[in-house]
1. Please name all residue pairs, on different chains or six or more residues apart, with Cβ atoms under 7 Å, provided the first residue is in region 120-138 and is without any contact (Cβ under 8 Å) to a residue 60 or more places away in the chain and the second residue is surrounded by fewer than 22 Cβ atoms within 10 Å (Cβ to Cβ) and of a type in the set (Lys, Arg).
2. Answer with yes or no whether Arg67 is basic (Lys, Arg), at pLDDT below 95 and under 17 Å from the mean Cα position of the chain (by Cα).
3. Given the structure, is Leu136 among the hydrophobic types (A, V, I, L, M, F, W, C), surrounded by 13 or more Cβ atoms within 10 Å (Cβ to Cβ), at pLDDT 95 or above and over 19 Å from the mean Cα position of the chain (by Cα)?
4. Give just the number: which of (1) in a helix (DSSP H, G or I); (2) over 20 Å from Leu58 (Cα atoms); (3) at pLDDT 95 or above; (4) not basic (Lys, Arg) does Leu178 not satisfy?
5. Is it true that Arg117 is crowded, with 19+ Cβ neighbours inside 10 Å, under 23 Å from Arg191 (Cα atoms) and over 12 Å from the mean Cα position of the chain (by Cα)?
6. So which residues in region 171-190 are charged (D, E, K, R) and crowded, with 21+ Cβ neighbours inside 10 Å, if there are any at all?
Amino acid sequence: MRGARRWPVVMLGALLVSCASSPPTQFYTLEPVQPRERTLHVSSSPIQIAPVHIPAVLERQEIVTERGSNELILSNRHRWGAPLGEMARRTLTQDLLQRLQGNEVVLPEQPAPANTREIVVDILRLQSDAAGRVVLQGSWSLLPPGADTPSLTRTFSLAEQASATGYADQVQAMSRMLGQLADEIVSAVAR
């Protein structure tokens, strides 16, 4: 009987030792990047990034990587520090602030003046594959003040080979591609 009672205690001890040796969870965030060139003035009408739409398969805490056709890997150890759509919105806003004058960009939660144009971003893909190639695909639309119909719509497809296959390098590549998207938005809106 004594041996039977010790068995659960031994199992609990082994479980605690195995949990203590597992690698720590790492959290990642998207960061703004410096512009290719600063645009001094776009127009007197400010712009605001609307909530960025992300596919449900990517809008999760775990970082998603493509393994192959129709197969995804969800990392238990490598996670986003916040919801991906919200991080993408804030990063794009910060990227725009670096490219435009401060009064031309309305912050995400700031009440927008009546003449504010809205930029709606739909991301279809923002992930890497097993070889470290990172892809950002989707579209963005510019809505005039108070309108539901876009005055301008553009698709984008950006890809970059991360400098290494680690998650940190892949997230940095994602940040750079969002910076490129901000460059494209500023260029198109400035015309």
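The values are calculated or read from the model by the stated rules, or taken from the named source; none is laboratory data. All values derive from a computational prediction rather than experimental measurement. Here the Cβ is made from the backbone with ideal geometry for all residues, glycine too, and neighbour counts use every protein chain on show.
1. Val135/Arg125; Leu136/Arg125; Gln137/Arg125
2. no
3. no
4. (2)
5. Details: crowded, with 19+ Cβ neighbours inside 10 Å: yes; under 23 Å from Arg191 (Cα atoms): yes; over 12 Å from the mean Cα position of the chain (by Cα): yes.
The answer is yes for Arg117.
6. Within region 171-190, no residue meets the criteria.
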